[in-house]
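One structure, as structure tokens, below. Some questions next.
The values are calculated or read from the model by the stated rules, or taken from the named source; none is laboratory data. None of the values given here were measured: they were computed from a predicted structure. Cβ sites come from the backbone with ideal geometry, for glycine too, and all protein chains shown count toward neighbours. Note: accessible area is taken over every heavy atom of the protein model, side chains too, but ligands, DNA and RNA are not part of it. Shrake-Rupley method; radii C 1.70, N 1.55, O 1.52, S 1.80 Å.
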Amino acid sequence: KVLTTLEGERYRTVDGIYAEFGEKIDDYYDSLKVSKDSVGYDLRDVMRRDGSIDLTPLFVGSQGTLGIITEAILKVAPHNPHPSLVVAAFDTLDGAVQALEGLRGLGPSAIEMVDKNLIEFAEKEQYASFPTELVEETYKPAVVLFIEFDDEKRVRDKKKKRALKLLQSSTDRVVTADDYEEQEKLWAIRHLAATVVNDNHDGKVSVPIIEDASVPHEKLPELISTIEKLFEEHHLSLAVWGHAGDANLHVHPLLDLSKVGDRQKMLRL
């Protein structure tokens, strides 16, 4: 049956685009080798293996440019209110990246990170204090990883034990928490990123120049070291945080955009 409605016209339009450019679209996605890509319109995922078309990925990812959702039926995933959290501090970025490979294999519900810049900023600007097992007055880690497991208890305990064993070869600065309040205190370190984003720092604000940058997992050290060199070259303070398990980062320099010099730096970056 041929749909003569506006909806049917949209299906035929997308089908025509894929018929003409499908090979290029597939080549692009196959070349990415990243766990996340939210750039542009999701024209690949609309084409199902059975030959049908589902416009949902295209519509959802269009951020309102193709239409507005007025009603939705959602499927929810089971939520375990009692996860386990492992937090580890690393002397070097390479040490954290080496640990990441094994940690991802355990299937954690989250692997988040903050870098030394954000920790130092939080101590200086927000008078934040951290567990001495992770951060001391004379010791600031290069990277702190947050690894969470939300499986049922038996599986969760097994994964946590394997994670601790895996981390032994990279760091001896590890904290675990199963209690909700203790977990919230540790997660507060990661959530300090929101403070960087929202605060005014003597006229300077956090500018999301590199937002949600995603690279192949093995390229994460190269991405961070390149960013650090770039910001050092421009004499800028920065904070790096993000979803380490996906090699997906947020990088926000502090800039005073009322000044011509900072606006020029933003354009160069």
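For residues that are more than 30 Å from residue 153 (Cα to Cα) and of a type in the set (Val, Ile, Thr), scanning just region 62-92, find the one that is surrounded by the most Cβ atoms within 10 Å (Cβ to Cβ).
92
Can residue 211 be described as farther than 26 Å from residue 134 by Cβ, of a type in the set (Asp, Glu), modelled with pLDDT under 85 and exposed (fewer than 15 other Cβ atoms within 10 Å of the Cβ)?
Spelling it out, residue 211 is indeed farther than 26 Å from residue 134 by Cβ, of a type in the set (Asp, Glu), modelled with pLDDT under 85 and exposed (fewer than 15 other Cβ atoms within 10 Å of the Cβ).
For the condition out of contact with any strand residue (DSSP E or B) (no Cβ under 8 Å at 6 or more places or on another chain), surrounded by 14 or more Cβ atoms within 10 Å (Cβ to Cβ) and either under 22 Å from residue 248 (Cα atoms) or of a type outside the set (Val, Ile, Thr) (or both), what is the one hit in 59, 21?
None of the other options fit; the residue is 59.
If only one of 239, 194 is assigned to a helix (DSSP H, G or I) and at pLDDT below 85, which one is it?
Every option except 194 fails the conditions.
It is to be established whether one or more residues within region 11-18 are open to solvent by 50 Å² or more (accessible area, probe 1.4 Å), closer than 30 Å to residue 156 by Cα and basic (Lys, Arg).
Within region 11-18 (the criterion being open to solvent by 50 Å² or more (accessible area, probe 1.4 Å), closer than 30 Å to residue 156 by Cα and basic (Lys, Arg)), the answer is no, since none of the residues qualifies.
Residue-by-condition table, conditions (1) in contact with a strand residue (DSSP E or B) (Cβ under 6 Å, 6 or more places away or on another chain); (2) among the polar types (S, T, N, Q); (3) farther than 23 Å from residue 108 by Cβ:
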residue	(1), (2), (3)
186	yes, no, no
218	no, no, no
221	no, no, no
230	no, no, yes
250	yes, no, no
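Separate question: For region 56-173, give me every one of the strands (runs of 3 or more DSSP E) that falls completely inside it and has 2 or more residues that are in contact (Cβ under 8 Å) with a residue 60 or more places away in the chain and touching a Ser or Thr at 6+ places or on another chain (Cβ under 7 Å).
Here the list reads 84-90, 143-149.
With 137, 148, 120, 112 as the choices, which residue is at pLDDT 90 or above, among the acidic types (Asp, Glu) and out of contact with any Pro (no Cβ under 9 Å at 6 or more places or on another chain)?
112
Step by step: first the residues of region 1-51, then only those that are over 30 Å from residue 220 (Cβ atoms), hydroxyl-bearing (Ser, Thr, Tyr) and not in a helix (DSSP H, G or I), then the one that is modelled with the lowest pLDDT. Which residue is that?
Selected residue: 4.
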